[in-house]
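The values are calculated or read from the model by the stated rules, or taken from the named source; none is laboratory data. Computed from a prediction, not measured in an experiment: that's the story for all the values here. No Cβ is skipped: glycine too gets one built from the backbone with ideal geometry, and neighbour counts run over all protein chains shown. With ligands, DNA and RNA removed, areas are computed over all heavy atoms of the protein, side chains included. Shrake-Rupley method; radii C 1.70, N 1.55, O 1.52, S 1.80 Å.
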Amino acid sequence: LREAKYTINSYCASPYFHRGVLMAEKRFVYMDHAATTFTKPEVFEAMLPFLKEHFGNPSSLYSIGREGKEAVEAAREQLAKALGANSEEIYFTSGGTESDNWAIKGTAFARRKRGKHIITTPIEHHAVLYPCEYLETQGFDVTYLPVDRYGLVDPAEVEAAIREDTILISVMYANNEIGTIEPISEIGEIAQEHEIPFHTDAVQAIGKIPLDMKKKERNVDMLSLSAHKFYGPKGIGALFLREGTEIDNYMHGGGQERKKRAGTENVAGIVGLGKAIELAAANLEEHDRKMRKMRDRLLAGLLEIPHCRLNGHPEKRLPDNLNLSFEYIEGESLLLMLDEMGVCCSTGSACSSGSLEPSHVLRAIGLPPEIAQGTLRLTLGDENTEEDIDYVLEVMPEIVGKLRAISPFYKPENICEK
Ligand code: PLP
């Protein structure tokens, strides 16, 4: 990534900075790790043999098939160890979306004779929300719990929403947009007391928060994860399924994954996931310390820009996530101008691009649309440095100033500075 730095020449060619107002040397700064991460070289190296000479089908009985099978089982062990789970509780899938779909629809169909009621939140990823909406068309009834202005779910509200016919509770571990971390242990306890299966989408939490399925997360029955969020490859993930959890199959076909998830295994992907989680688990504390340090400095610097506010919980949030609203400007313009300066990040508009509507998460926390439209998500990662923070702190005030200067809504004489 460091090789992708831009030169001062390309910076000078930028239409936005031709007057030389911004004097920073343009550099490439990737701050969209919640969208995806790069594949670590160690991960890539571990995968390569399974894309080349060890290409056998793990279901084949001859040696190159058996090698694939052994590699899959070794990765299962790596993931189980990182989660404090048993390896028999790990099922590989094609990613977070499949894991969520399987958990939600698989549980609903397996338990439909007991009831039709599902409890979730309005701030889930669409990989949870849309399966729930689909289930509503099939006669299921879904309660979307309220969240507070930080996006926090109140466990008491979960308990209050439980009905005789509730068959599933699904609450995400940490929100992908605003970074808020939910009270998963407390919700899990309530679910267990009422003997209701509990699923959590932990796609954004894995590799950042230590999990232990035997202790802290002992009340979680199903947990979704995806390798490309923790420096593994795309298109591979897993569902943790606690032993004895009642669930229908989602993929039907061959007998892979102990007859629970059909389809020839993505051996290279699985090996990559195993290596990535091993590296992440070994580096959790250091990663946390480094992310917090950079994030807090970035936040403090950006909050000095007038009319800038933090979204999500101030403390109960992922160590690498900042979600900020810059009033009087549009996130998309900000994003494009940051891209001009080599900075990659996301906005707070509906994630299927082309829409300027605020995302469902920003709406659920009650952010007024005119503020939500100026929202930017910056998510840090392993290769970010203090120099990247300096750079963003240097370019952002200039860009915000320029956009406000052309904004019809920004009239400094009418606005009280904070
Ligand atoms: N759940 C959450 C919270 C996510 O952030 C994402 C991806 O952004 C997904 C699910 C979907 O995961 P995948 O891209 O592996 O399908």
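Quick notes on this one:
- Sparsely packed GluC sites (Glu not before Pro) within the stretch 150-229, loop by DSSP, other Cβ within 10 Å at most 16: GLU164, GLU195
- Nearest-ten-degree value, helix 284-302 long axis tilted from longest Cα axis of the chain: 30 degrees
- Mean ellipticity per residue at 222 nm, deg cm²/dmol - from DSSP H runs of n ≥ 4 across the chain, formula -39500 (n - 2.57): -11500 deg cm²/dmol
- Euclidean distance between Cα centres, the stretch 43-93 to the stretch 110-188, Å: 33 Å
- By average C-beta atoms within 10 angstrom, highest first, the peptides 388-396, 223-231, 91-99: 223-231, 91-99, 388-396
- The mean sequence distance of close C-alpha pairs (under 8 Å, at least 6 residues apart), as a share of the length of the stretch 156-271, puts its relative contact order at 17 percent.
- Karplus-derived HN-Hα couplings along the stretch 210-225 (A = 6.51, B = -1.76, C = 1.60, θ = phi - 60°), whole Hz, x at Gly and Pro: x, 10, 9, 5, 9, 10, 4, 9, 5, 9, 8, 8, 9, 9, 9, 8
- A straight Cα-to-Cα reach below 27 Å connects LYS214 with the lysines LYS69, LYS81, LYS105, LYS229, LYS259, LYS260, LYS275, LYS316, residues fewer than 8 places away in its own chain not being considered.
- Look at the alpha carbon pairs under 8 Å that are at least 6 residues apart: their mean separation over the length of the chain gives a relative contact order of 21 percent.
- Averaged over its residues, the chain has an accessible area of 43 Å² per residue, based on protein heavy atoms and a 1.4 Å probe.
- In terms of the mean number of neighbouring beta-carbon atoms within 10 Å, the peptides 300-313, 280-293 order highest first as 300-313, 280-293.
- Percent of beta bridges antiparallel (DSSP, the chain, rounded to nearest 5): 60 percent
- Relative contact order (percent, whole number), the stretch 298-392, Cα cutoff 8 Å, 6+ residue spacing: 32 percent
- For the pair the stretch 205-247 and the stretch 250-312, the centres of their Cα atoms are 11 angstrom apart.
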